[in-house]
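Asker: Attaching a single structure in C-alpha cells format; questions to follow.
The values are calculated or read from the model by the stated rules, or taken from the named source; none is laboratory data. Computed from a prediction, not measured in an experiment: that's the story for all the values here. Neighbour counts are summed over all protein chains in view; Cβ atoms, including those assigned to glycine, are modelled from backbone coordinates with ideal geometry.
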Amino acid sequence: MSSNTNFATFNPSSSQAGNGAIGSAYNDLDKGNTEFYVSNDSSGMAINIATPSSGGKWYCEFYLSGSVGNYAYVGYYPIRETPEVKEQWVPSGNTTWVDSGIVSVHSMGRYFYTDNQYTDSGATSFTAGDVISIALDLDNGATYFAKNGTYMNSGNPASGSSKTGAAPVEGSYSKQYLLAVGSAGSNGHTWTINSGQDSTFNGALSAGGNTDANGFGDFKYTVPSGYLSLCSANVPVNTNQDPSQDTPPNNSFETVAYSGNGSTQSISSLNFQPDTIWIKNRDQTDAWCVQDDINGVGKIKAMDSAAPYASETNGITAFNSNGFSLGNNHRVNASGEDYVAYCFKESQEAGLDMFAYTGVGDGTTVVSHNLGETPKMVWIFLVSGSNTDTMVYIDTPDMGTSYGIFPSLNNARQATSYVAATSSSNITVGSSANATGRGYFAMLWAEREGFSRYDQYEGNGNSYGPFVYTGFRPRFLWIKRVDSSGGWHVFDTGRNTFNPVNTYLLFDTTGADDGPYASNTIDFLSNGFKIRNSANGLNANGSKYIFGAWGDVPFKFNNAF
C-alpha cells in the first residue's frame with residue numbers, strides 16, 4: 001500500500017437517513033469515516049472521491065456486518081443526480097435514483113436499476129460477514145458486483161466491450177459517479193469501506209494484500225486487470241492546474257481582496273497576467289466593473305446592467321504580468337473602501353476563450369472559437385448598440401440550448417435559444433445575440449479536472465442542504481436558481497477565509513456585501529461545497545440551481561497546497 005496517498009472514505013456531507021429524512025446519518029460514522037452504521041430504514045451514505053470525468057475502471061470493497069434485512073445495498077449515483085443519497089427502494093416506487101446508467105445490488109439478491117426497474121436474474125444474495133466488491137468499467141459502460149471475490153452472474157470485469165456477466169443497466173453511462181451504500185428498508189447493520197486502505201476492514205477479516213493496477217491499495221480480493229482504487233494518487237488533475245508540477249490553479253484564476261486608496265495603485269499578487277477581471281465594491285452601492293484586454297482598458301461593462309460597454313479611463317488602466325493597475329474610479333479604487341476582484345487567464349489550458357463579434361441580423365449565425373473543445377458555458381456581453389442583457393448558456397439538464405439566463409436580472413430562465421448549438425470549433429448564436437450591427441463579446445468556458453466546474457444541483461429545502469461535488473476546494477462560486485426568480489449569489493474565500501462562507505454579493509444588483517448571514521451559509525470543502533441553509537435563493541425544495549466554480553486546491557491534494 002502506498003504511504004503517500006489518501007483512500008476514499010464515507011462522506012459525512014452526503015448522507016440521507018430515516019425514510020427520506022435528510023441529514024443525521026453522519027452521526028452514524030465511525031473509525032475515520034470508514035464505517036457507516038445504518039440506524040434508520042432507508043439510510044444511505046456516499047463516498048468522498050468521485051470517478052473522474054475521463055472515465056476509467058474503478059474497484060472498491062464493502063464489508064457488511066450486524067443485523068441484515070433484504071434491502072442492504074451497494075451501488076452508485078451520478079454526482080449531479082441528487083446532492084444527497086436518497087432511498088432506493090424500487091418496489092415501493094419512491095426511488096430517486098432514476099438516471100440512466102446506474103444499478104445497485106441488494107442483499108435479497110436483486111438488482112435495482114434505471115426507471116424503477118429490478119430483476120433477480122444474475123444477482124446473488126448476501127448477508128453479514130460478506131464482502132461485496134464493485135468493479136465499475138466506465139470505458140465500456142459496465143458494472144460488476146462480486147460476493148467474497150466471486151463475481152455475480154459469472155461476470156468478467158476484464159471482458160471489455162463484451163461486458164460478460166455485467167449487471168443490468170438501461171441507457172448511457174455518464175463518467176462521474178459516487179459509490180454509495182445503505183439500506184432501502186432495514187436497519188441495524190454496518191457497512192465498512194475498503195477503497196484500498198485496509199483489507200482487514202478494521203480487523204474484522206484476515207488481510208488480503210492485493211493491489212490495484214498502479215500498485216496502490218491493500219484489498220481483500222484480487223483487483224481485476226486494469227482497475228484502479230479510488231484514491232488521491234489515482235485521481236487525475238489537469239496538468240496545467242497541478243500544484244505538484246508547479247502549475248497550481250492560481251496560475252489561471254485568482255480571487256483578490258484589496259482596499260482602495262482614491263488615487264492610483266497596482267495589485268501585484270497574481271501568478272499570471274489576467275485577461276479579464278470582474279471587480280465589485282464591497283462597501284458601497286456601486287456597479288460591477290467587468291474589463292478585458294480585448295475591448296481594452298478604456299472600456300468597462302457593468303455586470304448588473306443591460307447597457308453596453310462604456311468608456312472609462314480610470315478603471316483598470318493596465319493588465320500587468322503579475323496583476324493589474326487601477327485609476328481612481330470609485331467602482332474600483334475609492335479611498336478606504338474594500339473590493340474583491342475575480343481574475344481570469346485566457347488560454348486553452350485554463351479552459352477560457354474570449355472574442356468579439358458583430359451581429360448580422362439574419363436569424364442564427366455561426367461564430368468560430370479557439371477553445372479547442374465544445375464549451376460547457378458561454379457568456380455573451382453587449383459591447384455596442386441598444387441595451388441588451390448579458391446572456392448565459394450552460395450545458396446542464398435544465399438549461400442547455402433551449403434556455404438562456406441573464407446575470408443582470410434575477411429572473412428565472414427564459415425559453416429562448418441564445419446559443420442554439422455548440423461544437424469544438426464554433427457556436428451558433430440565436431437572433432437575440434445577433435442583432436444587426438451590434439457588437440458582442442463572448443467568453444467560452446470548458447471544465448478542467450480539479451480546477452473548474454459548471455453544472456447544476458437540486459435543492460432540498462432543508463438546513464442540511466445539498467452537498468455538491470466539484471473535485472476541488474472552491475475559491476470562487478456563483479449560484480443561480482433557474483426555475484424561479486432569485487439572485488445571482490457570489491461567494492469566495494478572498495472575503496471569507498474560513499467556514500462558514502456566509503458573506504455574498506449579487507451579480508444582478510449594485511449592492512455592497514450582504515452578510516454574514518446564517519440564512520445564507522455555505523461550507524467550502526476540499527471536494528466541493530455544502531449548502532447549510534434553506535433559503536429559496538440557494539436551496540428551495542426541488543428547485544434547480546446552476547453554478548460556476550473555480551478552485552484553488554484540487555481534491556487530489558486535499559489542502560496541502
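Each row is one residue, and each column tells you yes or no for (1) free of Cβ contacts under 8 Å to residues at least 24 places away in the same chain; (2) surrounded by fewer than 21 Cβ atoms within 10 Å (Cβ to Cβ); (3) of a type in the set (D, E, K, R).
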| residue | (1), (2), (3) |
| --- | --- |
| Ile294 | no, yes, no |
| Val297 | yes, yes, no |
| Ala306 | no, yes, no |
| Ser325 | no, yes, no |
| Ala334 | no, yes, no |
| Glu349 | no, yes, yes |
| Leu352 | no, no, no |
| Pro375 | no, no, no |
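Asker: Is there a residue being modelled with pLDDT of 95 or more, under 19 Å from the mean Cα position of the chain (by Cα) and within 19 Å of Pro397 (Cα to Cα) anywhere in the range 463-479?
Answerer: Checking the range 463-479: at least one residue is modelled with pLDDT of 95 or more, under 19 Å from the mean Cα position of the chain (by Cα) and within 19 Å of Pro397 (Cα to Cα).
Asker: Give the residue that is farthest from His489 (Cα to Cα), with candidates limited to residues of the range 241-268 that are among the small types (Gly, Ala, Ser) and modelled with pLDDT of 95 or more.
Answerer: My answer is Ser263.
Asker: Yes or no: Lys147 under 25 Å from Leu29 (Cβ atoms) and of a type in the set (Lys, Arg)?
Answerer: It is true that Lys147 is under 25 Å from Leu29 (Cβ atoms) and of a type in the set (Lys, Arg).
Asker: Is it the case, given these coordinates, that Ala350 is closer than 23 Å to Phe253 by Cβ and in a loop (DSSP other than H, G, I, E, B)?
Answerer: Here the answer is yes, as Ala350 does meet what is asked.
Asker: Ok, one more. Does Ala307 satisfy being closer than 22 Å to Phe491 by Cβ, of a type in the set (Gly, Ala, Ser) and not assigned by TED's automatic domain parsing to the domain that holds Ser386?
Answerer: Here the answer is no, as Ala307 does not meet what is asked.
Asker: Here's a follow-up. Would you point out the residue of the range 198-228, among those that are not in a loop (DSSP other than H, G, I, E, B) and not aliphatic (A, V, I, L, M), that is nearest to the chain's Cα centre (by Cα)?
Answerer: Per the criteria, the residue is Phe219.
Asker: A follow-up question, please. For the range 434-469, how many residues are in a strand (DSSP E or B) and basic (Lys, Arg)?
Answerer: 2
Asker: Right, something else. One residue is enough: does the range 92-107 have a residue meeting the conditions over 27 Å from the mean Cα position of the chain (by Cα), at pLDDT 90 or above and not assigned by TED's automatic domain parsing to the domain that holds Gly542?
Answerer: Within the range 92-107, one or more residues are over 27 Å from the mean Cα position of the chain (by Cα), at pLDDT 90 or above and not assigned by TED's automatic domain parsing to the domain that holds Gly542.
Asker: Any idea how many residues of the range 510-531 are over 23 Å from Glu458 (Cβ atoms), in contact (Cβ under 8 Å) with a residue 12 or more places away in the chain and out of contact with any Asp or Glu (no Cβ under 6 Å at 6 or more places or on another chain)?
Answerer: 4
Asker: Turning to a different aspect of this structure: Any idea which residue in the range 279-296 is nearest to Asn320 (Cα to Cα), counting only those that are part of a loop (DSSP other than H, G, I, E, B) and of a type in the set (Asp, Glu)?
Answerer: Among those that are part of a loop (DSSP other than H, G, I, E, B) and of a type in the set (Asp, Glu), it is Asp293.
Per-residue answers, yes or no, for (1) closer than 18 Å to Gln273 by Cα; (2) touching a strand residue (DSSP E or B) at 6+ places or on another chain (Cβ under 6 Å):
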{"site": "Asn314", "(1), (2)": "no, no"}
{"site": "Gly323", "(1), (2)": "yes, yes"}
{"site": "Arg331", "(1), (2)": "no, yes"}
{"site": "Val383", "(1), (2)": "no, yes"}
{"site": "Tyr393", "(1), (2)": "no, yes"}
